[in-house]
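Here's the structure we're looking at; comments come further down.
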Amino acid sequence: MSSNYTEALIYAGELERAVDRLEHEGRRRGPRGRGLTGPSLIRLARCYMELGRPEQAVPLLKRELAAVMSGGGDVRRTVGVRGRLAAAYQAAGWPEHAVAMFERNLFDAEAALGGQDADTCDARENLADAYAASQDPLRAVELYRQSLARREALFGPRHPSVFACRTGLALAYEEAGEPGRAAEVLDHGIAEAGSLFDETLIVPAMRSHRARVAVGAGQPEQALALHEESLGDWITALGDRHPDVLHLKKAFVVALMAAGEEERAVPFLEEGLALAEDVFGGSHAETTAFRQLLGRALLAAGDTRRAVPLLERALLELESAAGVRPAPVLVARVDRASAYRESGDLERAVSLLEGTLYDAEAHCGRRDGVTVAARTALARTYAATGDTRRAVSLLTTAAADAERFLGPGEPLVRRIPRYLAELAGAGRPGEGSQAGPAPAIPDQYEGQGEARAEPGAQP
């Protein structure tokens, strides 16, 4: 009965309460919390993962993997535990460990179970996701194509796992820079699923992913319609406090902001931030993401007084988070500097952005959206100081890079030409640097150059 209650807490998103029960059970059964084994240990590791504490899940899963292998090494159970451990390594910022373990899982599964076994398909798709996260989306696409063919042969074309595999393939196509193929796969899946799965979240999940593809393709209105259609189904099924629902609410407000509806996004973000702090805690990655998005929306609405402390705190949390990649930190620095500019603190904004642009080129390369965003933000800040000549030079470079390297859904592709036109209307290049401070161009969205993270980003 106790295990059923704990599982119900996890399903309802009451993760901290579930952790308290499981940790208490571990202390009761053995010294230093080592009394948990088997399903209870796996449940605790799951909670740590969903709470954004993968470093606490890793030792538990290593212990369980050693126990499984020492007991004879049942292949299915070994593959399952090793897959969880690989996912924890990936979330903790050790992608090389994760890829190696997922590769070992697929090798063992194919050798022992055959290529068309369901667990082998799971291992293949987990490896594909790891490749996509490691900037190797073409290998991810190939693995998902293999897995989709084998699942259809094994279960038929209308099995739930086939639709989940199609969703994975679509996301791999998106990561590979083929949003049209991604949209085609998801549209086909949604149409074919129809009303087959009314009691599940299969179709709402595909709609949510299709909305993400629409945002990336520069179709925010379509994305909003898809999000609004699916979000109600998720809330009905799981409640508004469930981690998956909070992630989807975040995706919805990203679509709102992409559509230029920042003021409408503010109350959704305030509610989401309060729920995320309650469900995950104040410094969890999901909470930080809500805080950062709220800061951006307030900045766009002209409320710099509230925006600055939110963006400052988001940057500090990202900088202190274990295993965080450079790109999200750089995006947060662009956000913070933009807030300084709009509040009139131009000296701090210029200093922060000059360093950020240097770091973005070093860590991400010139073609990355983060670098384009940093260059654009620095140009606009130079314009605010009156240095129009340098502003135009940087914006011209940023416009060329955005057109060549960024997707059509990236807001900067549309906004940089507008910034250049507004500067041209203010005076000829070279004159502004002698004319005193110029007003900042009123738009706060440089940070949209952020690379997607998530399962859920990005936004």
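The values are calculated or read from the model by the stated rules, or taken from the named source; none is laboratory data. Quick caveat: nothing in here was measured; it's all calculated off a predicted structure. Glycine also receives a Cβ, built like all others from the backbone with ideal geometry; neighbour counts cover every protein chain displayed.
One table, with the values for the structure above:
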{"quantity": "Any hit, segment 151-158, residues being closer than 23 Å to residue 194 by Cβ and buried (at least 23 other Cβ atoms within 10 Å of the Cβ)", "calculated": "yes"}
{"quantity": "Unmet requirement for residue 299, which otherwise passes all of (1) buried (at least 20 other Cβ atoms within 10 Å of the Cβ); (2) over 30 Å from residue 405 (Cα atoms)", "calculated": "(2)"}
{"quantity": "Residue match in segment 157-176 (condition: in the same structural domain as residue 227 (by TED's automatic domain parsing), among the acidic types (Asp, Glu) and in contact with a helix residue (DSSP H, G or I) (Cβ under 6 Å, 6 or more places away or on another chain))", "calculated": "yes"}
{"quantity": "Meets criteria (within 19 Å of residue 166 (Cβ to Cβ), surrounded by 15 or more Cβ atoms within 10 Å (Cβ to Cβ) and touching a residue at least 40 places away in the same chain (Cβ under 8 Å)) for residue 202", "calculated": "yes"}
{"quantity": "Some residue of segment 274-281 being of a type in the set (D, E, K, R) and farther than 26 Å from residue 209 by Cβ", "calculated": "yes"}
{"quantity": "Members of segment 318-363 that are touching a residue at least 40 places away in the same chain (Cβ under 8 Å), crowded, with 17+ Cβ neighbours inside 10 Å and not charged (D, E, K, R)", "calculated": "324, 327, 328, 330, 331, 332, 334, 337, 338, 339, 346"}
{"quantity": "Close pairs from segment 50-79: first of a type in the set (Asp, Glu), partner surrounded by fewer than 16 Cβ atoms within 10 Å (Cβ to Cβ), Cβ under 7 Å, at least 6 apart", "calculated": "55/322"}
{"quantity": "Contacts under 9 angstrom Cβ, first residue in segment 264-288 being in contact (Cβ under 8 Å) with a residue 24 or more places away in the chain, partner part of a loop (DSSP other than H, G, I, E, B) and of a type in the set (Val, Ile, Thr), 6 or more apart", "calculated": "285/324"}
{"quantity": "Residue match in segment 139-155 (condition: modelled with pLDDT under 90 and not β-branched (Val, Ile, Thr))", "calculated": "no"}
{"quantity": "Tabulated pairs, segment 216-239, first under 24 Å from residue 179 (Cβ atoms), second of a type in the set (Asp, Glu) and assigned to a helix (DSSP H, G or I), C-beta under 8 angstrom, 6+ apart or interchain", "calculated": "216/174; 234/244"}
{"quantity": "Verdict on residue 338 being over 19 Å from residue 412 (Cβ atoms) and small (Gly, Ala, Ser)", "calculated": "no"}
{"quantity": "Residue count for segment 85-102, restricted to those that are in a helix (DSSP H, G or I) and surrounded by fewer than 16 Cβ atoms within 10 Å (Cβ to Cβ)", "calculated": "2"}
{"quantity": "Extreme residue, modelled with the lowest pLDDT, among residues of segment 38-83 that are in a loop (DSSP other than H, G, I, E, B) and closer than 30 Å to residue 282 by Cα", "calculated": "52"}
{"quantity": "Residue match in segment 252-264 (condition: touching a helix residue (DSSP H, G or I) at 6+ places or on another chain (Cβ under 8 Å) and more than 21 Å from residue 223 (Cβ to Cβ))", "calculated": "no"}
{"quantity": "Any hit, segment 326-338, residues being among the hydroxyl-bearing types (Ser, Thr, Tyr), touching a helix residue (DSSP H, G or I) at 6+ places or on another chain (Cβ under 6 Å) and outside the structural domain of residue 364 (by TED's automatic domain parsing)", "calculated": "no"}
{"quantity": "Residues of segment 365-392 classified as in contact (Cβ under 8 Å) with a residue 12 or more places away in the chain, farther than 21 Å from residue 258 by Cβ and not aliphatic (A, V, I, L, M), total", "calculated": "10"}
{"quantity": "Among (1) more than 26 Å from residue 219 (Cα to Cα); (2) not in a helix (DSSP H, G or I) - the single one residue 367 does not satisfy", "calculated": "(1)"}
